[in-house]
There are 2 protein chains.
Amino acid sequence: MSTEGPEAVAAAVAPAATGAKSVEKKNNKKSKKNDQFLLKTPKGTKDWADKDMIFREAIFSSLTTLFKKHGGVTIDTPVFELREILTGKYGEDSKLIYNLEDQGGELTSLRYDLTVPFARFVASNNISNIKRYHIAKVYRRDQPAMTKGRMREFYQCDFDVAGVYDSMVPDAEILSVIVEGMTGLGIKDFKVKLNHRKILDGIFQACGVKEEDVRKISSAVDKLDKSPWEVVKKEICVEKGQSEEVADKIGEFVKINGTIREVVEILAKNELLASNESAQAGITDMKLLADYVDAFEVGPWIRFDLSLARGLDYYTGLIYECVTEASAPPKNAQELKEKKLKDAKKKKDANTEDDDASEYVGVGSIAAGGRYDGLVGMFSNGKSIPCIGISFGVERIFSIIKARAAKQLEAVSGSETDCYVMAFGGGEGWTGFLKERMEVTKQLWAAGINTEYLYKAKANPRKQFEAAEKNGSKVAVILGKEEFPTGQVRVKVLGQGNDSDEGELVKIEDVVKVVKEKLDSINTDGLDEVTRLIKGL
Amino acid sequence: MSTEGPEAVAAAVAPAATGAKSVEKKNNKKSKKNDQFLLKTPKGTKDWADKDMIFREAIFSSLTTLFKKHGGVTIDTPVFELREILTGKYGEDSKLIYNLEDQGGELTSLRYDLTVPFARFVASNNISNIKRYHIAKVYRRDQPAMTKGRMREFYQCDFDVAGVYDSMVPDAEILSVIVEGMTGLGIKDFKVKLNHRKILDGIFQACGVKEEDVRKISSAVDKLDKSPWEVVKKEICVEKGQSEEVADKIGEFVKINGTIREVVEILAKNELLASNESAQAGITDMKLLADYVDAFEVGPWIRFDLSLARGLDYYTGLIYECVTEASAPPKNAQELKEKKLKDAKKKKDANTEDDDASEYVGVGSIAAGGRYDGLVGMFSNGKSIPCIGISFGVERIFSIIKARAAKQLEAVSGSETDCYVMAFGGGEGWTGFLKERMEVTKQLWAAGINTEYLYKAKANPRKQFEAAEKNGSKVAVILGKEEFPTGQVRVKVLGQGNDSDEGELVKIEDVVKVVKEKLDSINTDGLDEVTRLIKGL
């Protein structure tokens, strides 16, 4: 991945570019105006089906297993919330919230993320501690002109820990969850960039930024993942009204990154920060974290990076973003300009028909989160429950895995059918054995074997083999015109190299046993094809 | 169930009545107005968490396994559709559709069911055949005054077969899916009532109903699951303008029910229907179906019932509803009146605080569906794809299982943690072994074992045991102050009868192996507690 450069990843994470057969592409390219309908999904949304769906489910399954391994329990909140619950939580992004029409009664809006509903849930149920995971869709009414690659409907996979605990203990576990999550999905070229809001705020204060300007300087620095320092510096000086001297001091800090211990050492020696309470509290936290990160052996993936700021206001402590190696920010203004041009072109190419740029997904983090100790308190008259969490961007992860496994993916079947029951015969008096196929199929179902047969009274062998192949069936049970009336069927392993194999003739009462044996002999390692691909094996 | 009567089921399916600790109850009863927020979920919605969530997930898992066994693949469509896609599909229920606010751009609405989005998906992707399952939320803006027990946000679990196949073959498989689905969930006291739209329409025609009145008479007859014949007859005569003679003829037919062969025999002999083309076509279908139902051995659960009509207009062939024994309709007007009074009281009781009746769930079918051969054609300029499907009402099924397993449920843990890592010590120089607990935990995670430990530097044994018990941990790994520095830990099986057991002293490098052995020895049959409860074992 690291040799391919940002464009490769941009292509990888733009779903439209990855699979000519994807449902989305069909959906958007073939959308047609018939008499009544423009037959498409709403802008910024898509159907998931076929292999994409199987892959996505496998990713969810991998993450769910991970979350449970860490003691996570899941909850399910409504897709819409009372509008006032969401109000005032997302800063200027609040304009992206989808409102439901006022049809009388309560005013409601679609959830923008899973974090605010989680905080509402914790507060309204008086929960004092929980580790919860939640895999669900969120909604952001991004305009194509503003879009930075977001779909309007997309999945988030969140794991959050709420409760009063010793400093940095859950924080370290969340970092372990990120690393285990990515490596478990076969993603190796990634870093977890982290920073601490108390240190960042302390730096701004120490550099001479007034208390009331700290948040807006932070949101300018947040743009360093997309823009070079010279552009951000201009914003700090011109738009945010700071002196060049202040900006230059900040500029020295945001250059700093390294292992937690390396950066802690630099910060601990820094004279500007020596008397800053906020920074010192953050440094104490980071020293503890360094130890815990060692215990979990996740240090090699972690980079303490003082340029990381994160947009949302509600973070109060550790913040982090997981990025792939190839998603490095542009190094200077020229590179940024070129990137923007390239992005604009890509956007244009993707939207020749319906001017919908929403399927373009730009380079970005593949997981992100932080500590937010104040959010629950906003819902519970000040009874604060400290929280920390991570959100996996599953659609971006999906695209990376899909790009990596593009070739193998072609060989994967979209269905999980294992066995196909067929009848061979013809000539005079040939009934097609439909009812008999049903009876055999019923036995296989009762034994828990995924089984299909052709829904035709009389079907020729070729059509039955084609259907079995299309469904990825591994074994066929064949009811022969002469053999079946003597109480026997053939069990044949399907697939390459087995075409000439006539199968094994077995008694009908043994069919379940023999099919199971043949299926077991195929899946020797217990891992199905999709799981192997997901894990990068 | 059959001895408890309708009230028992009504209670069972009203979530608020089943568990004092349910999140919903907390949510609604404790909802409080603080300075800014009414801290609750929107009307007709609820949070799912804790044991309820684990149970629901287990039900989904059981149904997903079933759908895959029958060759099903899953798709995911957006939660909202272009409004025009939904328009004109739901008759008078269209007023229950949730619209999104017009914030510029397309007009969209939340999906009302999964069937119309499926038909749109099939049409827009030019799919000629698919067996798809879809488990997702749907939205109906039912007013409390109108509510018949619906939540405004609830799950549907749908399995549909699209494609041109031989008559009644997929139809028979869908019936098998219903029976396998229910028995797989430990539900035994149920019947699948079925009817055929062509027979029903033929009966109305033969009884003298004019072509243009057939649909509205059908929708009157549909009320027979809630009202006795005398009430429906009055509607047919007074509101729908039919003569008493016509109504009486219909009345004779809708009384008829029995096995498929019994009813087919009665219909085949009926002189009124002899010359009715629609009825005869339906009878031919049902004769075929009787054979296929035998092949799948699901006959004992099936009842051909001519009073079943189903509300939706788009059904064109076989229709069916799965009902529990206890949900029999009232037998006469007096019983109906008493039932209504009882329902009204229940509704009132449930809403002393916030006037929200939406959590009251009345008696109804637990799965329903039918054949709809014309719906895809409405989206594809007439290129018709025949479809048939079943929708499992998972929230009602959930309530039945929960009522059945109420006692056992108390013993189930809300989490799936298997192992808890603890430290025992104290006195001078006692560090609490936090980092050491992390290191041991990391090994267990790496081996795929769901493991937790207390997020405290120093924790006393009692608190650690309490936390382990709360999470349902089955095994504890104990790092003793004296033992651990010699390279040893204790592995102890938790739970009743093991309190005095001091555990097994093992080398640290063997901890994973020993924990796995102990866990295996506990789960001897490979089924977890929740799966056993779901299956009714």
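The values are calculated or read from the model by the stated rules, or taken from the named source; none is laboratory data. Predicted model only: the values in this text are computed from it and were never measured. Methodologically, a virtual Cβ is constructed for each residue, glycine included, from the backbone with ideal geometry; neighbour enumeration extends over all protein chains shown. The accessibility values were calculated without ligands, DNA or RNA, using every heavy atom of the protein model including side chains. Shrake-Rupley method; radii C 1.70, N 1.55, O 1.52, S 1.80 Å.
Among all residues of region A:458-473, there is none that is part of a strand (DSSP E or B) and under 20 Å from residue B:296 (Cα atoms). Of the residues screened, residue B:446 is one that is under 38 Å from the mean Cα position of the chain (by Cα) and at negative phi.
Condition (residue is at pLDDT 95 or above, part of a loop (DSSP other than H, G, I, E, B) and open to solvent by 20 Å² or more (accessible area, probe 1.4 Å)) applied to region B:496-513: is it met by at least one residue? Within region B:496-513, not a single residue is at pLDDT 95 or above, part of a loop (DSSP other than H, G, I, E, B) and open to solvent by 20 Å² or more (accessible area, probe 1.4 Å). Touching a strand residue (DSSP E or B) at 6+ places or on another chain (Cβ under 6 Å), at pLDDT 95 or above, more than 9 Å from every other protein chain (Cβ to nearest Cβ) and surrounded by fewer than 23 Cβ atoms within 10 Å (Cβ to Cβ): is that true of residue A:67 in this structure? It is false that residue A:67 is touching a strand residue (DSSP E or B) at 6+ places or on another chain (Cβ under 6 Å), at pLDDT 95 or above, more than 9 Å from every other protein chain (Cβ to nearest Cβ) and surrounded by fewer than 23 Cβ atoms within 10 Å (Cβ to Cβ).
No other residue among A:57, A:92, A:7 is on the phi < 0 side of the Ramachandran plot, more than 9 Å from every other protein chain (Cβ to nearest Cβ), modelled with pLDDT of 50 or more and open to solvent by 10 Å² or more (accessible area, probe 1.4 Å) apart from A:92.
Let's see how each residue does on (1) open to solvent by less than 10 Å² (accessible area, probe 1.4 Å); (2) facing chain B (nearest Cβ under 7 Å); (3) modelled with pLDDT under 95:
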| position | (1), (2), (3) |
| --- | --- |
| A:51 | no, no, yes |
| A:63 | yes, no, no |
| A:74 | no, yes, no |
| A:77 | yes, yes, no |
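Residue under question is residue A:265, and the condition is that it be within 14 Å of residue A:217 (Cβ to Cβ) and open to solvent by 70 Å² or more (accessible area, probe 1.4 Å); does it hold? In short, no. So for region A:398-408 (the condition being buried (at least 21 other Cβ atoms within 10 Å of the Cβ) and touching a strand residue (DSSP E or B) at 6+ places or on another chain (Cβ under 8 Å)), does at least one residue qualify? Yes, that holds for at least one residue.
Matching residues to (1) touching a residue at least 40 places away in the same chain (Cβ under 8 Å); (2) of a type in the set (A, V, I, L, M); (3) at the interface with chain A (Cβ under 7 Å from one of its Cβ atoms); (4) outside any helix (DSSP H, G or I):
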residue	(1), (2), (3), (4)
B:84	no, no, yes, no
B:104	no, no, no, yes
B:112	no, no, no, yes
B:119	yes, yes, no, no
B:123	yes, yes, yes, no
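Applying the set (1) out of contact with any strand residue (DSSP E or B) (no Cβ under 6 Å at 6 or more places or on another chain); (2) part of a helix (DSSP H, G or I); (3) at pLDDT 95 or above to residue A:448 leaves exactly one unmet item: (2).
Please tell me if residue A:200 is over 30 Å from residue A:537 (Cα atoms), within 29 Å of the chain's Cα centre (by Cα) and open to solvent by less than 10 Å² (accessible area, probe 1.4 Å). Considered against the rule, which asks whether it is over 30 Å from residue A:537 (Cα atoms), within 29 Å of the chain's Cα centre (by Cα) and open to solvent by less than 10 Å² (accessible area, probe 1.4 Å), residue A:200 comes out as yes.
Here region B:154-185 is the region considered, the condition is being open to solvent by less than 10 Å² (accessible area, probe 1.4 Å) and not hydrophobic (A, V, I, L, M, F, W, C), and the residue that is nearest to the other protein chains (Cβ to nearest Cβ) is B:170.
Just to be sure, is residue B:461 away from chain A (no Cβ under 13 Å) and in contact with a strand residue (DSSP E or B) (Cβ under 8 Å, 6 or more places away or on another chain)? Taking the combined requirement at face value, the residue satisfies it. For region B:413-444, taking the residues that are open to solvent by 60 Å² or more (accessible area, probe 1.4 Å) and among the small types (Gly, Ala, Ser), the one that is nearest to the other protein chains (Cβ to nearest Cβ) is identified as B:429.
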